[in-house]
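First comes the structure, then the notes that go with it.
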Amino acid sequence: MAMTIHVDIVSAEGEIFSGLAEMVYAPAVMGEVGIAPRHTPLVTQLKPGEVRVDTGNSKEMQHFYVSGGILEIQPHIVTVLADTAIRAVDLDEAAAQEAKRRAEDAMSDRSAEFEYAKAQSELAEAVAQLRAIDRIRKGKRS
Amino acid sequence: MAGAKEIRTQIGSIKNTSKITKAMEMVAASKMRKAQSRMAATRPYADKMRNVIGHLFHAHPEYKHTFMIEREVKRIGYIIVSSDRGLCGGLNNNLFRRLFKELQEHRDAGIEVDFCTIGNKALGFFGRFGGNIVSQAVHLGDTPHIENLIGTVKVMLDAYADGKIDRISIAYNHFVNTMTQSPTFEQLVPIPSTAEEELKHHWDYIYEPGSKEVLDNLLGRYVESLVYQAVVENGACEQSARMVAMKSASDNAGELIDELQLIYNKARQAAITQEISEIVGGAAAV
């Protein structure tokens, strides 16, 4: 039997995959990495993309979409700490501004129409996400 | 004595209420099971992350991140996790009361506080209380998502990084078991040194792009995942507290109905007796 490496893909909201693999491919920030058993210990950030796990016994590889995260490699264990959310610096910033604004709204004007504020925040969130998706697509093409 | 008809309508309305509380109890019970399994599902992420952070500290003891350095505490940021809805017994109020006591101690010591509220109840309470709420998140629903928390937590982390606050603590309900939830306060940042666990193996990693960038990234996410865990745990507490509260409400309604039924029967009997005696009296007169 071929050598295998233990793979754990976990996100903050739950475990996504756990099992043995012959090879793992992940989209690291400095370029895609392929990890075979007995890889050198490595910690790297991931960018949005696909993590592929070659389990060996089935013909097809298992695909997992990650929107970023952190990859940790020990000689016999690969851990993918996946983000469930689309993350980008300005996207986080927008979310932070949003949270701040909501708090200020709640503090200053308690009688304000809540539905309106909620709708607006949802709109801002949607716009920010669209921007991120746009950039990811552009990044892929180039 | 109240009329038989009034008692009957009263019994009817209590019966309706008990139907509602019974239904809420069962809904809460099924939601609680889901919330508990969600709670278990979030553990591996934080555990793995703690491992990696532990490794990083051992590999780079000389690099101290701002989240690691203890400062003199002048201002504390509190992240308060509460439920969005009521009817869950004293869950939120117990937490707030305990927190209030702690806040008073801080006030006596001359320490100021900022709040970051998660959930409607905390927002309402601390809005009335007149605290300085810097960020908030509400309507997380039964399945909270981490993206709804990122912004809220980032406001706090930024304030810490800028030196506006010197400590971030979190207040939430710890799930002991279905019957018991204990209000808990934990220090998030600076990260308590107990978070660095003893390691069995030791080696150094290759870091891409660099150790500092990776560590910065990791620590932010670590704090977020801890907050997320607290939110999920509080959710499980909310459901179990609601289940218990609704169960006792249904029980009370049952007792009330029994008592009223007794009174109703007596009133009915009295009315019949009176009627008979009137008929008998009337017949005797004729």
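Of the residues making up region B:33-48, those that are in contact (Cβ under 8 Å) with a residue 40 or more places away in the chain and either in contact with a strand residue (DSSP E or B) (Cβ under 6 Å, 6 or more places away or on another chain) or surrounded by fewer than 17 Cβ atoms within 10 Å (Cβ to Cβ) (or both) number 3. Within region B:10-21, one or more residues are buried (at least 17 other Cβ atoms within 10 Å of the Cβ) and either under 24 Å from the mean Cα position of the chain (by Cα) or at pLDDT below 90 (or both). Please determine whether any residue of region B:224-238 is closer than 22 Å to residue B:179 by Cβ, part of a helix (DSSP H, G or I) and of a type in the set (S, T, N, Q). Yes, some residue in region B:224-238 is closer than 22 Å to residue B:179 by Cβ, part of a helix (DSSP H, G or I) and of a type in the set (S, T, N, Q).
I'd like the full set of residues that are more than 9 Å from chain B (Cβ to nearest Cβ) and within 14 Å of the chain's Cα centre (by Cα), limited to region A:53-70. Answer for region A:53-70, where residues must be more than 9 Å from chain B (Cβ to nearest Cβ) and within 14 Å of the chain's Cα centre (by Cα): A:63, A:64, A:65, A:66, A:67, A:68. Put simply, of B:183, B:192 the only residue that is away from every other protein chain (no Cβ under 14 Å) and touching a Leu at 6+ places or on another chain (Cβ under 8 Å) is B:183. For region B:33-42, does any single residue satisfy the condition of being of a type in the set (D, E, K, R) and within 14 Å of chain A (Cβ to nearest Cβ)? For region B:33-42, residues of a type in the set (D, E, K, R) and within 14 Å of chain A (Cβ to nearest Cβ): present. For the structure I just gave you, tell me whether residue A:73 is closer than 18 Å to residue B:52 by Cα and either more than 19 Å from the chain's Cα centre (by Cα) or touching a residue at least 40 places away in the same chain (Cβ under 8 Å) (or both). Criteria not met by residue A:73.
Just so you know, in region B:110-143 the residues that are surrounded by 18 or more Cβ atoms within 10 Å (Cβ to Cβ) and of a type in the set (Phe, Trp, Tyr) include one that is farthest from residue B:77 (Cα to Cα), and it is B:125.
In summary, residue A:107 fulfils each of the numbered conditions (1) closer than 23 Å to residue B:216 by Cα; (2) in contact with a Gly (Cβ under 8 Å, 6 or more places away or on another chain); (3) in a helix (DSSP H, G or I); (4) at pLDDT below 70 with the single exception of condition (1). Going by the structure shown, is residue A:30 among the aliphatic types (A, V, I, L, M) and more than 9 Å from every other protein chain (Cβ to nearest Cβ)? Considered against the rule, which asks whether it is among the aliphatic types (A, V, I, L, M) and more than 9 Å from every other protein chain (Cβ to nearest Cβ), residue A:30 comes out as no.
List the pairs whose first member sits in region B:208-231 and is without any contact (Cβ under 8 Å) to a residue 60 or more places away in the chain and within 7 Å of another protein chain (Cβ to nearest Cβ), whose second member is surrounded by fewer than 23 Cβ atoms within 10 Å (Cβ to Cβ) and of a type in the set (Asp, Glu), and whose Cβ atoms are under 7 Å apart, counting only residues at least 6 apart or on separate chains? Listed by first residue and then by second, the contacts come to nothing, as the list is empty. Of the residues making up region B:98-145, those that are part of a strand (DSSP E or B), without any contact (Cβ under 8 Å) to a residue 24 or more places away in the chain and under 19 Å from residue B:164 (Cβ atoms) are B:133, B:135, B:136. If you go through region A:80-92 and keep only what is among the acidic types (Asp, Glu) and either under 15 Å from residue A:28 (Cα atoms) or modelled with pLDDT of 75 or more (or both), you end up with just A:83.
Kindly establish whether residue B:115 is aromatic (Phe, Trp, Tyr), within 16 Å of residue B:186 (Cα to Cα) and facing another protein chain (nearest Cβ under 9 Å). Yes.
Scanning region B:50-79 for residues that are touching a residue at least 24 places away in the same chain (Cβ under 8 Å), more than 21 Å from residue B:160 (Cα to Cα) and either facing chain A (nearest Cβ under 10 Å) or part of a loop (DSSP other than H, G, I, E, B) (or both) returns B:51, B:52, B:55, B:56, B:59, B:60.
For region A:9-27, which positions are within 14 Å of another protein chain (Cβ to nearest Cβ), part of a strand (DSSP E or B) and either closer than 21 Å to residue A:67 by Cβ or in contact (Cβ under 8 Å) with a residue 40 or more places away in the chain (or both)? The answer is A:9, A:10, A:11, A:14, A:15, A:16, A:17, A:18, A:26, A:27. The combined condition, being among the small types (Gly, Ala, Ser), within 13 Å of another protein chain (Cβ to nearest Cβ) and part of a strand (DSSP E or B), is not fulfilled by residue B:169.
Given B:7, B:53, which one is crowded, with 17+ Cβ neighbours inside 10 Å, farther than 30 Å from residue B:253 by Cα and not polar (S, T, N, Q)? It is B:53. Only a single criterion out of (1) modelled with pLDDT of 75 or more; (2) within 25 Å of residue A:16 (Cβ to Cβ); (3) facing another protein chain (nearest Cβ under 9 Å) is not satisfied by residue A:97, namely (2).
Filter region A:61-76 for residues that are out of contact with any Phe, Trp or Tyr (no Cβ under 9 Å at 6 or more places or on another chain) and part of a strand (DSSP E or B) and give the result. Those that are out of contact with any Phe, Trp or Tyr (no Cβ under 9 Å at 6 or more places or on another chain) and part of a strand (DSSP E or B): A:63, A:65, A:66, A:67, A:68, A:69, A:70, A:71. Tell me which residues, restricted to region A:41-60, are without any contact (Cβ under 8 Å) to a residue 24 or more places away in the chain and either among the hydrophobic types (A, V, I, L, M, F, W, C) or not in a strand (DSSP E or B) (or both). Answer for region A:41-60, where residues must be without any contact (Cβ under 8 Å) to a residue 24 or more places away in the chain and either among the hydrophobic types (A, V, I, L, M, F, W, C) or not in a strand (DSSP E or B) (or both): A:57, A:58, A:59, A:60.
The values are calculated or read from the model by the stated rules, or taken from the named source; none is laboratory data. This structure is a prediction, so every number in the text was calculated from the model and none was measured. In this analysis, Cβ positions are derived from the backbone assuming ideal geometry, glycine residues included, and neighbour counts consider all displayed protein chains.
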